[in-house]
1. How about segment 55-95: which of its residues are among the basic types (K, R) and assigned to a helix (DSSP H, G or I)?
2. Got a sec? Which of E98, E37, E111 is surrounded by 18 or more Cβ atoms within 10 Å (Cβ to Cβ) and among the acidic types (D, E)?
3. Going through segment 83-137 one residue at a time, which ones are under 19 Å from the mean Cα position of the chain (by Cα), of a type in the set (A, V, I, L, M, F, W, C) and farther than 16 Å from K147 by Cβ?
4. L83 passes all but one of (1) crowded, with 16+ Cβ neighbours inside 10 Å; (2) outside the structural domain of I101 (by TED's automatic domain parsing); which number fails?
Amino acid sequence: MPCECRERADLSLIADQIEKAKSAPGSLIPVLQAAQEAYGWLSPALLATVAQALEIPPAKVLGVASFYSQFRLSPVGKHLILLCQGTACHVNGSKGLEEEISAFLKIKDGETTADGLFTLKNVACLGCCSLSPVMMLNGEVHGNLTKEKVRKILEQLTVDG
């Protein structure tokens, strides 16, 4: 995802983090975390503007953002579903849950519904093995899942928007 962006992003929502990072080398990850929290995802223009503000090569910023799975380089839906595919979750049926989510929402891993409400992303591990199978929905962990529980959660969210 090379960025030859001429446009610049507005960094006003993370101005404090940018200023702190200027005096603390090695602060790129916290800046990117703050940017993603504030803007929802890390657009090419945002990455280029952060690089310029921190006087870091754009390739380094993109390298960090693309290396860590916590960073999103494309927009996500209103409801982000992180489905654990770690060993414990896999053994306890996470593939079946993925199939249920995919069938219900008509999306696959990495996709967003046409209405922009849901994004599904498989992750290697959520660190909640004792609750497996598990998914994180909008930052909230849902464990000991079954296909029925997943469907009920999704049905409720589609009603609520």
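1. Across segment 55-95, the qualifying residues are K60, K95.
2. On the way: E37 fails: surrounded by 18 or more Cβ atoms within 10 Å (Cβ to Cβ); E111 fails: surrounded by 18 or more Cβ atoms within 10 Å (Cβ to Cβ).
Result of the check over E98, E37, E111: E98.
3. I107, A114, L117, F118, V123, A124, C125, L126, C128, M136
4. Here L83 clears every test but (2).
To keep it simple, each residue is scored yes or no on (1) within 30 Å of S43 (Cβ to Cβ); (2) modelled with pLDDT of 95 or more; (3) small (G, A, S).
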| site | (1), (2), (3) |
| --- | --- |
| Q85 | yes, yes, no |
| T119 | yes, yes, no |
| Q156 | no, no, no |
| G161 | yes, no, yes |
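The values are calculated or read from the model by the stated rules, or taken from the named source; none is laboratory data. All of these numbers come straight from a predicted model, not from anything done at the bench. All Cβ positions, even for glycine, are placed from backbone atoms using ideal geometry, and neighbour counts span all protein chains on display.
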